[in-house]
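First up is the structure itself, then whatever we jot down about it.
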Amino acid sequence: MMDVEYLMLGHVVKDVADHGYRFGGTVSFAGVTALRLGAKLGVVTAVSAEDRPSVQAIFPGALMHWVESPVTTVYENIYQSEGRTQYCRALGTSITVDKIPSEWLKSPIVHLGPLTGEVPAEMTQAVDPGSLIGVTPQGWLRERGENGLISQRKWEQCEDVLDRADVLVFSEHDPVSPEEMDKYVRNARLSVVTRAELGADIYEGTRQYHVPAYRTVETDQTGAGDGFAAAFLLEYRRTGSPVEACRFASASASLLIEGVGLEGIGDEESVRLRMRGRTI
């Protein structure tokens, strides 16, 4: 069996589109980014049996471990003049520690990418001490109402996760308030707050750095933060430099948003080329 270098945990989701569904979510965007950057990818996700062949096709060459689930998680985004309303129309089975191959929990990089709280906070305690744990906490920063309506909430278990996690990556729009954002940053060893075209801010102890975004032609912002996180974790593992990792991740994200969905995700050569270009 192929060794797993980058382990991705969370739900692949089906997003309601004009003519059916489009696969997405953190697992899809971060996982495909890791693959295209040359990582040996392992994915633990929960989708229906009928969706497995289509999901496998998203990750050519990756190892997949399927958690039994009667349904695949389904999201619907409704855009109106006042903003976006989001619904989770179906929710797959949770991904608990006992459902993950034990050897995979020793992977060099373990990325926790919950979208609807499907990864428990105690997952960090099961990961090998030598692994780099990256967290994109979107799924812990929101809750699903009885009718599927998604709303923001405070991340009550942030200390439990961040006590062991190595890198926290989130958007400035994810926390419910600036006070909550400050709390997450204070509790993290290393955190990166993404700000779209305004770049990203790195917080490491008492040190703070700003990395500008690269010039790009935006087509679709979907998944940019997830792709950013995967690129950051890979480059940070290689170099140990959060600034260089952030520059690499920003270049990767700038390529991703030039395409629709997963189409824009670039390989390492294209990311390195973009890094020679101008920033905003």
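For beta carbons closer than 8 Å, sequence separation of 6+ or different chains, a first residue in the stretch 137-154 that is without any contact (Cβ under 8 Å) to a residue 60 or more places away in the chain and a second that is among the hydrophobic types (A, V, I, L, M, F, W, C) and assigned to a helix (DSSP H, G or I), the qualifying pairs are Pro137/Cys158; Pro137/Val161; Trp140/Cys158; Trp140/Val161. Any idea which residue in the stretch 14-72 is nearest to Thr116 (Cα to Cα), counting only those that are of a type in the set (S, T, N, Q), touching a helix residue (DSSP H, G or I) at 6+ places or on another chain (Cβ under 7 Å) and not in a strand (DSSP E or B)? Among residues in the stretch 14-72 that are of a type in the set (S, T, N, Q), touching a helix residue (DSSP H, G or I) at 6+ places or on another chain (Cβ under 7 Å) and not in a strand (DSSP E or B), the one nearest to Thr116 (Cα to Cα) is Thr26.
Of the residues making up the stretch 233-280, just one is at pLDDT 95 or above and on the phi > 0 side of the Ramachandran plot, namely Gly240. Restricting the first member to the stretch 233-259 and to residues that are within 17 Å of Ala39 (Cα to Cα) and buried (at least 22 other Cβ atoms within 10 Å of the Cβ), and the second to residues that are modelled with pLDDT of 95 or more and among the charged types (D, E, K, R), the beta-carbon pairs closer than 7 Å and six or more apart or on different chains are Glu235/Glu244; Ala245/Glu235; Phe248/Glu235; Ala249/Glu235. Before we move on, is Ala200 within 16 Å of the chain's Cα centre (by Cα) and surrounded by 22 or more Cβ atoms within 10 Å (Cβ to Cβ)? Spelling it out, Ala200 is indeed within 16 Å of the chain's Cα centre (by Cα) and surrounded by 22 or more Cβ atoms within 10 Å (Cβ to Cβ).
Can you tell me which residue within the stretch 1-35, out of those that are surrounded by fewer than 24 Cβ atoms within 10 Å (Cβ to Cβ) and under 15 Å from the mean Cα position of the chain (by Cα), is modelled with the highest pLDDT?
Applying the first criterion (surrounded by fewer than 24 Cβ atoms within 10 Å (Cβ to Cβ)) to the stretch 1-35 yields 1-3, 5, 15-24, 35.
Adding the requirement that they be under 15 Å from the mean Cα position of the chain (by Cα) leaves 23-24, 35.
On the way: Phe23: 95, Gly24: 95, Leu35: 98.
Among them, the one singled out is Leu35.
Yes or no, residue by residue, for (1) closer than 27 Å to Leu234 by Cα; (2) more than 16 Å from the chain's Cα centre (by Cα); (3) among the acidic types (Asp, Glu):
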site: Asn77; (1), (2), (3): no, yes, no
site: Leu91; (1), (2), (3): no, yes, no
site: Ile95; (1), (2), (3): yes, no, no
site: Leu105; (1), (2), (3): yes, yes, no
site: Ile133; (1), (2), (3): yes, no, no
site: Ser171; (1), (2), (3): yes, no, no
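Are any of the residues in the stretch 28-36 more than 17 Å from Thr136 (Cα to Cα) and either hydrophobic (A, V, I, L, M, F, W, C) or in contact with an Asp or Glu (Cβ under 8 Å, 6 or more places away or on another chain) (or both)? Checked the stretch 28-36: at least one residue is more than 17 Å from Thr136 (Cα to Cα) and either hydrophobic (A, V, I, L, M, F, W, C) or in contact with an Asp or Glu (Cβ under 8 Å, 6 or more places away or on another chain) (or both).
The values are calculated or read from the model by the stated rules, or taken from the named source; none is laboratory data. Since the model is a prediction, treat every value here as computed from it, not as a measurement. Using ideal geometry, Cβ is built from the backbone for each residue, glycine included, and neighbour counts are taken over all protein chains shown.
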